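Worksheet: the structure to be examined is printed underneath.
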Amino acid sequence: MNQDNKSGFPGWARVALIIIPYIITLAVTQGFGFLITGVSLSQNHSTLSLSQTFIVTLLGLIGSFLIIGTFRIRVDKKSLISLGFQMPRFSKDVLVGLAIGAMIMLFGFVILLALGETRIEQLRFDWSNLLLSFFLFVCVSFSEEILMRGYVLNNFMDSWNKYLSLVISAFIFAALHLANPNFSWIGMANIFIAGLILGLSYIYTRNLWFPIALHFSWNFFQGPVFGFHVSGQETWSVVVQSRTTDTLMNGGAFGFEGSLLGLIFEAISLAVVFFLFRNRKPGMEIGSPERTEPAIVFVEANTSDSGNKHVKNN
């Protein structure tokens, strides 16, 4: 737990305080997105075009930054960078996160094809849609990670044990998906474990680059590349796939996240992320051994004899 609390509020209370302002801010910014794209608030949001969805999501991200940034500075009394935007290990964290997400979806797709659980109906390459999908899921990953790991998990760790904080934040993360279409309890379990995976590196490093990259890669390759539903929501995709029948193995209409195969891969990924980050501290590279601070040597003047010096090693 962090004993240096300048805000006057415990971490869990800061999370509670942001809930209503966060909802209101997103309602305003995303509502503006609906307005400028010509979408009625009463319209079924599943009918939005890819460009409309991107604009609404982008404005939601802007709203998230505004309200979380305001709370971080004004309420938490901390810097925006302290949410997890330290740069020294940016490239390595991003590359590892992208690789893990891409490999999980590639292997999962190939296995389901081999088992006859899904089949390829069509391949289509529309670079404008692919680019829009890319930036759409960049916005999604930033929005959710800044909120759930950068703010919620970060503040929970100021109040509670880091592992308890991890579990509670992962449960909240899963609960936020309860209203998604085609919800399933296996999907709930998968998203809960995903919350553990995304938060595990954060509790050791307090850095968001790995979870943002993994979150993005997981969603982007799952939906726009391989054609699975993303947490129950259909997206444009390069691969147009169809299921022979909905089963626990392929996840049905909820997508790969609703499958037993997804559960297996996530359990493996949780172990992989643990071994990658368990010895890492802020400022260290992935997989590097824990560093110890060198002895500090300083000279202290003797007040009784200014000519004598004492050298101390700590």
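Of note:
- Non-local Lys pairs in the chain, i.e. 8 or more apart or on different chains, that have alpha carbons under 16 Å apart: 4
- For the chain, calculated [θ]222 nm from helices alone, where every DSSP H run of n ≥ 4 adds -39500 (n - 2.57): -18000 deg cm²/dmol
- For segment 83-313, a crude dipole built from +1 on the beta carbon of Lys and Arg and -1 on the beta carbon of Asp and Glu, taken about the Cα centre, is about 440 debye to the nearest 20.
- Value of relative contact order over the chain, rounded to a whole percent, pairs C-alpha under 8 Å and six or more apart: 20
- Label-to-label distance, nm, for residues given as Phe107 and Ile268 (7 Å Cα→Cβ offset): 0.2
- The gain in end-to-end length when the Thr37 to Leu131 segment is fully stretched comes to 32.0 nm, 0.36 nm per residue minus the alpha carbon separation.
- Equivalent ellipsoid, segment 81-183 (semi-axes from 5 times Cα gyration tensor eigenvalues, Å): 31, 19, 15
- Here the gap between Phe275 and Leu260, fully extended at 0.36 nm per residue and compared with their Cα-Cα distance, gives a gain of 3.1 nm.
- GNM top mover of Leu176, Leu214, Leu130 - the chain, alpha-carbon springs below 10 Å: Leu176
- The separation of segment 247-284 from segment 133-181, counted between C-alpha centres, amounts to 15 Å.
- Every Cα-Cα pair in segment 156-223 was counted, and those over 20 Å apart are 30% of them.
- Sites counted here are trypsin sites (Lys or Arg not before Pro) in a DSSP loop (not H, G, I, E or B) having no more than 16 other Cβ atoms within 10 Å; the longest part of the chain that contains none of them is 125-277.
Read the figures in this text as sums done on the coordinates, not as results from a lab. Nothing here was measured: the structure is a model prediction, and the numbers come from that model. For neighbour counting, all protein chains shown are included, and Cβ atoms are generated from backbone atoms with ideal geometry for every residue, glycine included.
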